[in-house]
Amino acid sequence: MNQEKPSELVVIFALWLLVFASSSQIMVISPILPQIGTQLNISTSALGSLVSVYTLMVGSLAIISGPISDKIGRRRILLLGTILMTCALMMHHFVVGYYSFLLVRILSGIAGGILSGSAVAYIGDFFPYNRRGWATGWVMSGMAFGQIAGIPLGILLASQYGFKFPFYMFALAMGMTSILIWFRIPQPDVELSEEPLTIRKSANTYRNMLKQREIAAAAVAYFMMFMGLSFFIIYLPYWLAESLNASPQLIATMFIVGGLANVLTGPQAGKLSDRIGRKTIVIVSNLGLSLVMVCATLFTKELWLAYPLYFVIMVLVAMRISPFSALLTALVSDSSRGALMSLTVALGQFGFAIGGTLAGPLYTNFGYQASSLVGALAMLVTAGVIHTFVPEPDIN
């Protein structure tokens with residue numbers, strides 16, 4: 001492998017491809033949930049667990065992988081996670097019912113947990129703080145490309161050839177990512193942790209982090225942020241299909257619109273946060289999401305209104321991702337960055353899993369409006385916690 005320091009563009013592309021494949025393979029489930037339910041005869045209330053079990057595994061493995069990446073280096077974690085994710089996605093070929101689907105999502109979640117926080121932690125290792133917002137914005141735009149091209153293509157493949165085909169496509173992209181990392185991406189020259197890799201030491205690392213008010217607050221904010229989003233987003237396509245007869249093709253085009261919003265907003269929000277700071281952007285985005293969630297069911301009475309709704313949602317989501325991630329990288333030293341990123345990602349995934357699990361029964365018994373209102377409340381709490389307790393690091 002070439003040990004010379006790669007260019008910034010090579011690093012960004014490799015991490016971008018990782019984010020594209022890993023985010024797309026989870027995002028694609030929500031719009032094809034009705035098809036999965038029909039083909040595998042799974043009840044509506046149980047479908048949310050196919051999303052939540054993945055996030056639970058991501059959260060569980062993230063807690064383990066964070067200290068490991070601080071000890072052995074980010075590159076090895078990236079390689080291990082991308083190879084395992086490639087294999088797990090290919091194993092969707094063997095899905096025949098609810099429990100087999102649940103199993104492959106557990107395996108995918110294990111791989112996702114290993115990868116969780118690794119891309120942002122690598123950015124923290126490789127880029128100076130005053131360029132991390134810019135770099136994070138471009139890397140996270142892989143999610144937007146997934147929405148513009150990956151998710152719509154996956155939805156169309158699922159409608160034509162069955163729900164398994166999108167996972168084959170993202171397995172190919174993840175396999176390409178692992179090859180690129182193997183040959184072009186070295187371990188950054190940063191201080192690695194000298195702590196022994198034991199359960200006790202790792203638990204102490206997390207305990208000591210959470211004793212710091214700003215880190216505890218950031219962790220709570222991450223949890224609430226993702227829990228609120230899951231209440232709103234998981235059953236949005238299902239609600240559109242049931243209440244407005246939205247077709248898979250229309251939902252696919254809606255994701256294209258959302259992806260364009262992400263592309264237009266994400267890198268610019270990250271770049272702007274490099275100049276003016278992170279907190280204001282993150283708080284405004286959460287307040288905006290709360291308002292949109294409250295108004296969603298009140299104003300989306302016709303199908304065409306779903307497009308501006310989803311566009312605004314993705315603008316607000318993109319506004320907070322890069323600035324908040326960049327802010328987190330500055331709260332600890334290099335040797336603890338992987339643990340912090342994995343801790344916050346884990347709590348975010350736990351929040352998404354809890355929200356996804358509760359969203360199913362809430363949607364079934366009380367409707368989508370109740371679920372969206374709970375999501376809006378969580379966004380308000382998130383904004384309040386960040387405003388009150390999370391500091392703005394020096395951006396110079």
Select from the stretch 1-24 the residues that are among the polar types (S, T, N, Q) and outside any helix (DSSP H, G or I) and write down the one among them that is modelled with the lowest pLDDT.
ASN2
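Hey, any hits in the stretch 361-373 for a residue that's of a type outside the set (Val, Ile, Thr), touching a Gly at 6+ places or on another chain (Cβ under 6 Å) and either in a helix (DSSP H, G or I) or more than 21 Å from LYS211 (Cα to Cα) (or both)?
Taking the stretch 361-373 first, the residues of a type outside the set (Val, Ile, Thr) are 361-363, 365-373.
Remaining after also requiring touching a Gly at 6+ places or on another chain (Cβ under 6 Å): none.
Within the stretch 361-373 (the criterion being of a type outside the set (Val, Ile, Thr), touching a Gly at 6+ places or on another chain (Cβ under 6 Å) and either in a helix (DSSP H, G or I) or more than 21 Å from LYS211 (Cα to Cα) (or both)), the answer is no, since none of the residues qualifies.
Do we have VAL312 as more than 22 Å from GLY113 (Cβ to Cβ), of a type in the set (Val, Ile, Thr) and either surrounded by fewer than 23 Cβ atoms within 10 Å (Cβ to Cβ) or touching a Gly at 6+ places or on another chain (Cβ under 7 Å) (or both) here?
Numbers: more than 22 Å from GLY113 (Cβ to Cβ): yes; of a type in the set (Val, Ile, Thr): yes; either surrounded by fewer than 23 Cβ atoms within 10 Å (Cβ to Cβ) or touching a Gly at 6+ places or on another chain (Cβ under 7 Å) (or both): yes.
Yes: the conditions hold for VAL312.
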Residue satisfying all of: in the stretch 342-364; closer than 29 Å to ILE123 by Cα and hydroxyl-bearing (Ser, Thr, Tyr); surrounded by the fewest Cβ atoms within 10 Å (Cβ to Cβ) among these
THR344
Out of all the residues in the stretch 331-341, which are surrounded by 24 or more Cβ atoms within 10 Å (Cβ to Cβ) and either in contact with a Leu (Cβ under 9 Å, 6 or more places away or on another chain) or of a type in the set (D, E, K, R) (or both)?
ARG337, LEU340, MET341
Looking at this structure, is ALA346 part of a helix (DSSP H, G or I) and touching a residue at least 60 places away in the same chain (Cβ under 8 Å)?
yes
Here is a list of conditions, (1) closer than 26 Å to ILE185 by Cα; (2) at pLDDT below 85; (3) under 16 Å from the mean Cα position of the chain (by Cα); (4) not acidic (Asp, Glu), and MET27 meets all of them except one; can you say which number that is?
(1)
Per the filter on the stretch 222-258, residues at pLDDT below 85, part of a helix (DSSP H, G or I), surrounded by fewer than 23 Cβ atoms within 10 Å (Cβ to Cβ) and of a type in the set (Ser, Thr, Tyr) are THR253
The correct count of residues that are surrounded by 23 or more Cβ atoms within 10 Å (Cβ to Cβ) and over 19 Å from GLY355 (Cβ atoms) in the stretch 24-59 is 3
Go through (1) surrounded by fewer than 19 Cβ atoms within 10 Å (Cβ to Cβ); (2) within 28 Å of LYS71 (Cα to Cα); (3) more than 20 Å from the chain's Cα centre (by Cα) for GLY175 and report which single condition fails.
(3)
Looking at TRP138, TRP182, can you tell me which residue is buried (at least 16 other Cβ atoms within 10 Å of the Cβ) and of a type outside the set (Asp, Glu)?
TRP138
Considering only residues that are of a type in the set (A, V, I, L, M) and modelled with pLDDT under 80, look in the stretch 319-330 and name the one that is surrounded by the most Cβ atoms within 10 Å (Cβ to Cβ).
ALA326
Return only the number of the condition from (1) in contact with a Ser or Thr (Cβ under 7 Å, 6 or more places away or on another chain); (2) surrounded by fewer than 22 Cβ atoms within 10 Å (Cβ to Cβ) that LEU373 does not satisfy.
(1)
Among the residues of the stretch 148-170, write down those that are in contact (Cβ under 8 Å) with a residue 24 or more places away in the chain and under 15 Å from VAL95 (Cα atoms).
ALA158, GLY162, PHE163, LYS164, PRO166, PHE167, TYR168
By residue number, the members of the stretch 141-157 that are surrounded by fewer than 24 Cβ atoms within 10 Å (Cβ to Cβ) and touching a Leu at 6+ places or on another chain (Cβ under 9 Å) are ILE148
Quick one: in the stretch 262-283, of everything that is among the small types (Gly, Ala, Ser) and crowded, with 24+ Cβ neighbours inside 10 Å, which residue is nearest to ILE148 (Cα to Cα)?
GLY266
Please work out if MET85 is at pLDDT 85 or above and surrounded by fewer than 23 Cβ atoms within 10 Å (Cβ to Cβ).
no
Go through the stretch 164-186 and count every residue that is outside any helix (DSSP H, G or I) and modelled with pLDDT of 90 or more.
1
The one condition SER193 fails out of (1) more than 30 Å from VAL96 (Cβ to Cβ); (2) touching a Ser or Thr at 6+ places or on another chain (Cβ under 8 Å); (3) at pLDDT 85 or above; (4) not β-branched (Val, Ile, Thr) is (3)
Failed condition for SER202, given (1) closer than 30 Å to VAL317 by Cα; (2) crowded, with 18+ Cβ neighbours inside 10 Å:
(1)
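The values are calculated or read from the model by the stated rules, or taken from the named source; none is laboratory data. In this text, all values refer to a predicted model and were calculated from it rather than measured experimentally. Here Cβ is always computed from backbone atoms with ideal geometry, including for glycine, and neighbour counts include all displayed protein chains.
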